Every structure is written in structure tokens, then in C-alpha cells.
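One structure is given here, and the rest of the page talks about it.
Laboratory data are not the source of any read-out in this text; all were calculated from the coordinates shown. Fair warning: this is a prediction, and the values are worked out from it, not measured in the lab. Heads up, the Cβs are rebuilt from the backbone with ideal geometry, glycines too, and the neighbour counts pull from every protein chain shown.
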Amino acid sequence: MGLKITDTTLRDGHQSLWATRMRTKDMLPILEKLDAVGYHSLEVWGGATFDVCMRYLNEDPWERLRTLKKYIKRTPLQMLLRGQSLVGYQHYPDDVVEAFINKMVENGIDIIRIFDALNDLRNFEAPMRVASRTGAHIQAAVVYTISPVHTTEHYVETAVSLAQMGAHSICIKDMAGLLTPYKAYELVKLIKERVGLPVQLHSHYIGGLALGAYLKAAEAGVDVVDTASVPLAFGSSQPPVETVVRALQGTPYDTGLDLHLLFEIAAYFEDLRKSLGYERGVTRINDMRVFEHQVPGGMISNLVTQLEEQKALHRLPEVLEEIPRVRAELGYPPLVTPTSQIVGTQAVLNVLTGERYKLIPGEVRAYVEGHYGRPPAPVDPEVARKILGDKKPITCRPADLLEPKMDKIREEIKDLARLEEDFISYALFPQVARKYFENRNRSADPAVPVNGNQGPKAGRKEDGSMNLQEIKELIKLIDQTDIAELSLESAGVRVAIRKAGAQGIIPAPEKEAPPVPVQAREAAAPPAPEREKNVDISGLTVIRSPMVGTFYRAPAPDAPPFVQVGDQVTKGQILCIIEAMKLMNEIESEVSGEIVDILVENGQPVEYGQELFLIREK
Ligand code: CO
């Protein structure tokens, strides 16, 4: 029996290389051929695809799944589930987990790959219990990383426990391309012997170890490996299927897949890649430095984006040195979503504020409190004290503390939701889903002269000025022509668009807006009045934004603001939240006194150093 292959092109492939931006319509023409290859499974859903569908592509992820199921009749469909975080970045209550898993299986998922960033077994409990009732195949993944506490025995024991909990197969998930060929051999062999379940290996090409790891894993008896079609392989994606198939021909591990058909599929994706303007998967030297400091390449590109936003790109080397320190202090979490953001952002803040753990994002606090699960090693006591004070971390399963919320959600979004799936989308990403539903309803309203959501008139604002969607459409249009520069005026707002090559036009994965509309936003918003001229600032303390981000006056949209003008505050009291780098950063008062003025509107973007509050010191 030869080696079996899972194709990840439609999920991890474009998530790794194209910022997850492949649309359903781009997948449709090739589905029949993909289905004919004889893959073990096609990974087509989960991970970042759910969020990106609604947030950036104006697509319904559930609709995508149903469409794929309609055309892929023979090959099982696989998805990636982030344990209790499902396809999001935080833990969800058990009733949301249940609703989500039931619906995705109903809509066509056959194989569920479940992982937890911390390999904390308690975070598998609810997803595995629900999944086992659906009849889907449960593949439980062990996240691979390198640290003093991530020993071979840790992986084998985790795999044994996951099998006892009801896994049907085990995946070794090497998201950072760190697994060496000989380590792969050792792990596969041991897990096969001790667990007795099929084993699948998921690796990323990065520095090239993955190909060697797959071959040695095959020798050790691995059952399935993950690959992508060559135009979406290499670099931070999976190894190419073509190479793995060729390497094993004529051996006991021969995959039996037809290279000619695989190259026909590759030709399709290569044309698509060119038309969308994405780069081929290449390995930058920075990406390979994962061997040195274990920071995955994808995380480095996020850090670069974050530091660019903070106008501090020159401090990347310091941040790269800070990351392993923070990671050790936080108990060596593997650097995978969401712990990669947690460690990365804390490291960025430690460097930029000039004082370690001066500013602590809510997510870092929650992590140290144990709300993501048990850190692999104890958190450094000094750091824990700095973050928690006298508070003790929780010891129960984190989701035990979460109230059920599906009933509340049904009430909250009943005016916009149409299907059961809509309630679940809203439970996962409330703001994003609401915006998506509103767009959908608007484009469906016959009274509004729009051409789906594609036409340049879609969702025109009341004042006639252009909205983000329209600007995006315009950029796409320009991209397809030879026009290099365009500026136009719309209701007093000047929009200047300059073609800067495909990379500049496609929104970066973690950013809401493509770079160009920033100019439009600047043009649209009159410069903030210079407050110093109006307010006597003598004797006043100015609280400034420590970062670029979005200013929020309250912890949640429906919660009362932290402070009002006239309030007395004490040093260390929370004044507001700045959302930056995907995390909520609580900004504390540096002094005790009275709030004299609040200089930014709720929900507005703020610059580094921008004045937020004026406080008269007591
Ligand atoms: Co992956």
C-alpha cells in the first residue's frame, strides 16, 4: 500500500502564499480534475478561510463549502479546526462549538483535523465529543515545536491520550517547517507503535526540510502526507505534490498518482496565480532563520507589517531577539495561531515602549491567566506577578468559564440572519458577519441599483462619496489595465491611486484596508484640530497613544465607556482600548486626576503619539 496524499491547495496553500484570497469562482473550474486525482482528501475549509471569506471576499464560507461538496463527489473534504477556537482567535462556549461542528459536517465536511496551540487535551474535549456524534473522521493533531519541554515523550504521550479520547487518526502538525527528516522518522515510528492509529504528517516547505521529512516519514510508515499543487507550493506553503509523487515512484511507497493529470492541474493554478498577481512560493533567508530562532516566516511577515504600521521597521532585529525571551517567559507556547500573535505582539510592545511588560494586551493577560489552556511550562514567576498581580491563574478547562451564547445571538442578529449558518458566523465574528449580512441584504434589495457587490456603485454612501468596497473595485479594475495612476474626485473627497505592482495592491493578510485607500481616508478626514491652541495645557497631563491602532472607549460595543469627561481616575486605571496588531491593548492612566478632555472619537484610528486624554493631576 503506497503513501496517500492530502491536497491542501484550496486551504493551506493559498492561506500560506496568497493571504487566503482564492475565491470560490476561482476554484470551480478545476474541482472535477482535483476530484479525479485520487487524493486521500482535499483540505478545502477551516483555518483562516472562514474569516477571510466574509471579511475580505464578500463570500459566505458556508456557501463555499456547499458548492465544493456539489462538485467534489469522490474525494473526502477535510477542514482545519483550532480546537475550542474553531476557526477564530479566541475560545468559544461549548454551545457554539456544537452548532459549528454539526453544521459543517451537515454541509459536507468528512474529515476534521483538530489541533490546540498548546497541545492542551482539555481544549480537544468538546470538539471531539461533538465531532464523534456527527460520524465525521476525527483527526487529532499534535503541534510540533522545539523547546526544552517539547520532548519526544511529550508528543507520544499527547498522541496516546488523543487516541484514548476517540481520535481516528493522528496528525503531526509542523506549521513552522522545523521538523527534520530524522526527527520525523523517530516520531512517526514511535507514534505508530504506541498509538496504533493511522498517522498523517503536515509540514511546511520553508527551508526545505519538509521533503526530506516526508521521505523519512514514509520509511517509518506514515500513512498520509500533505502537499499542494506546485504553483501554490514551496516557500511558506506545503511541498509540491509533483515532487513527492516522482520521488516515490517505483518504491513500496509509490502514491500511484498520475503526474500528467497533476501537471494539468498545476497549469490551471499557474494561470490563476498570474492573473491574480501573486508571487510563487519562495524561501527568503529571513524565513529560513526559523531554524535559528523558531519564529515562523508567516509570523515574521506579520511583524514586518506591524512594525511598518508603527513606523519602526528598523527595530525588527531587536524584536526577533525579544521573541524567544518572551516565549520562554510565557512557558514555551508553540508559535501557531493564536499564540504566535500573543508572543509576537508582546515582544513588539516590549521593544517599542522601551520597558518590558509595561503594556500588556488583554490577550496576553488572558493567556497568563490560563484562558487559552495550560502553558507547556510554567510562566516565569516574575512576569506572572507583573501581569496578574496577586490573581491566580485558573486551573479548570477554560471553556468551563464561558456562558452559552447561541440563544443570545439568535436574538441579537435575528433581523439580518437568514439561515442557521448565519447565527453561527455571527457567533464567531460578530462585527465582520454583521457587515457581511448588511452588504448581502443591500445588494439583494431591488430598490438599490447595484450590480451584485461587484459594481462600482455598490453601497454608495449617502453623501455620494466612495466607500472602501468601491475603492477596492477600482483598484482591481486599474490592475487589469495599463493605467498606472488615477486620481478622481467624488463628493469633495480626492482619491489618488497609484499602481505599485501586485504586492502593493493586494491587502496584506492582517490588514483591513489595502494601502491605497489610506490616502483617501486622509483626504476625507479633515486634520484634527490642534487642541493645544484651545485648551490651557499647563498643569495637565497628556495621555498619548503608544501605538498605531483604533481607539475604543469601552471594552465592548454595548458596554459603558471606561471613563467620561469629569471623571476622577487613579493611576493605573484603564482609560481606553487601542486595538492594534489584532489585539486589544488596555491603556492605563499614568497619573491620578480628573479627565478634562477626551480628544478622540470612539472607533477612530489613532497614530503613534497621538493625544488621547487630558488629565488634571491631583
Ligand atoms: Co499548515
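Is segment 79-174 best put as rounded, prolate or oblate by its Cα gyration tensor, with a ≥ b ≥ c the root eigenvalues, rounded for a/c under 1.5, and otherwise prolate when a/b is larger than b/c, oblate when not? Prolate is the answer for segment 79-174, as a/c is 1.5 or above and a/b outweighs b/c. Ranking Met22, Ser132, Tyr144 by how far each Cα lies toward the positive end of the dipole of segment 1-144 (charges on Cβ) leaves Met22 at the top. Each residue in Asp258, Asp380, Asp558 was given a count of other beta-carbon atoms within 10 angstrom of its own, and listing them fewest first yields Asp558, Asp258, Asp380. With an a/c value of 1.5 or above and a/b not larger than b/c for the gyration tensor axes a ≥ b ≥ c computed over the alpha-carbon atoms, segment 540-594 is described as oblate. Neighbour counts of C-beta atoms inside 10 Å place Thr305, Thr145 in the sequence Thr305, Thr145, starting with the fewest. Using the Cβ of Leu80 as centre and a radius below 13 Å, the other residues enclosed give a net charge of -1, where K and R count +1 and D and E count -1.
If you take the square roots of the eigenvalues of the alpha-carbon gyration tensor of segment 182-301 and sort them as a ≥ b ≥ c, do you get rounded (a/c under 1.5), prolate (a/b over b/c) or oblate? It is oblate, given that a/c is not under 1.5 and a/b is not larger than b/c.
Return the aspartates and glutamates within reach of Lys571: Cα separation strictly under 20 angstrom, same-chain partners fewer than 8 residues apart disregarded; answer none if there are no such residues. Filter leaves Glu355, Asp390, Glu586, Glu588, Glu590, Glu594, Asp597, Glu611, Glu617.
With neighbours defined as other Cβ atoms within 10 Å of a residue's Cβ, the residues Val591, Val230 order from fewest to most as Val591, Val230.
Spacing of the modelled spin labels on Gln90 and Arg129, each 7 Å from Cα toward Cβ, amounts to 2.3 nm.
Summing Lys and Arg as +1 and Asp and Glu as -1 over all other residues whose Cβ lies under 13 Å from the Cβ of Arg325 gives a net charge of -4. The Cβ shell under 10 Å around Ser169 holds other residues with a net charge of 0, Lys and Arg each +1, Asp and Glu each -1.
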